[in-house]
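Values quoted throughout were computed directly from the atomic coordinates according to the rules given, and no laboratory measurement underlies them. Predicted, not measured: the structure shown is a model, and the values here were computed from it. Methodologically, a virtual Cβ is constructed for each residue, glycine included, from the backbone with ideal geometry; neighbour enumeration extends over all protein chains shown.
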Amino acid sequence: MNIKKLLLFRKGGQSLIEILIAIAIGFILIMGAVAVIGPAIKGSSQAKRAQTAIALGKELLENVRVFSEANWHNITNLSTSSANHYYLNTSSSPFVAVSGDENVAIATTTYVRYFYIDEVNRDSAGKIVSGGGIYDPSTKRITVAYKWPESATRTMTMYLTRSKNNIFLQTNWTGGGGQEGPVTTTNNRFGTSSKIDFTSSTGSIIIKFQ
């Protein structure tokens with residue numbers, strides 16, 4: 001082998017080594033970028049899911065408030081404690097409470113949400129207490145729970161109070177006595193009476209319920 005061929009051989013071998021080194025360095029850089037970008041993309045995806053889940057939770061909480069304001073008995077007729085899960089069917093009007101958990105599919109993620117009701121007690125000063133106190137039938141604690149795959153269950157809570165009273169003026173009692181309570185619809189009956197002519201003097205007796 002002459003000097004010229006030897007130099008070309010050495011140059012070719014050196015170029016091959018440089019290519020291999022460049023490939024190795026490129027591979028290391030790519031793997032490093034993947035190690036950094038991968039968790040960042042996953043974190044961004046999780047953050048978007050968390051934002052969506054929070055929005056779904058707030059939506060359910062607001063719908064429960066509207067549900068209670070439409071008729072307080074919508075809430076009081078449901079069983080209490082965290083063991084009783086409900087969600088609202090908002091495709092009908094008025095809303096309907098349904099037992100169980102609701103699955104909401106958005107894009108490629110399925111979210112789960114539900115609410116449950118707890119009774120509320122107050123102390124002698126009217127403050128809400130976690131133990132003891134006196135049961136307040138006009139206040140309920142609503143907890144909305146929500147989650148998505150690979151996440152723990154998260155919650156948000158609000159208190160609902162029966163703040164609206166219905167006023168009913170009754171002048172017709174011709175249906176007679178024996179009415180059992182509580183009464184959920186109006187009629188012309190009453191519980192008991194004494195020395196009242198309710199048949200020939202219709203309209204003479206006015207009682208206001210509030």
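Kindly provide the Kirkwood hydrodynamic radius of region 79-171 in Å, to one decimal, from all pairs of distinct alpha carbon atoms.
Details: mean 1/r = 0.0637 Å⁻¹.
Result for region 79-171 stands at 15.7 Å.
Within a Cβ distance under 13 Å of V120, other residues only, what is the Lys/Arg minus Asp/Glu net charge?
Numbers: positive: R122, K127, K140, R141, R162; negative: D118, E119, D123, D136.
Value of the local net charge: +1.
Quick one: which of 55-66, 95-106, 124-135 comes out on top by average Cβ neighbours within 10 Å, and what's the full order, highest first? List each step's numbers first, then the result.
On the way: 55-66: 17.0, 95-106: 13.4, 124-135: 9.6.
Per-residue mean Cβ counts within 10 Å order the peptides as 55-66, 95-106, 124-135.
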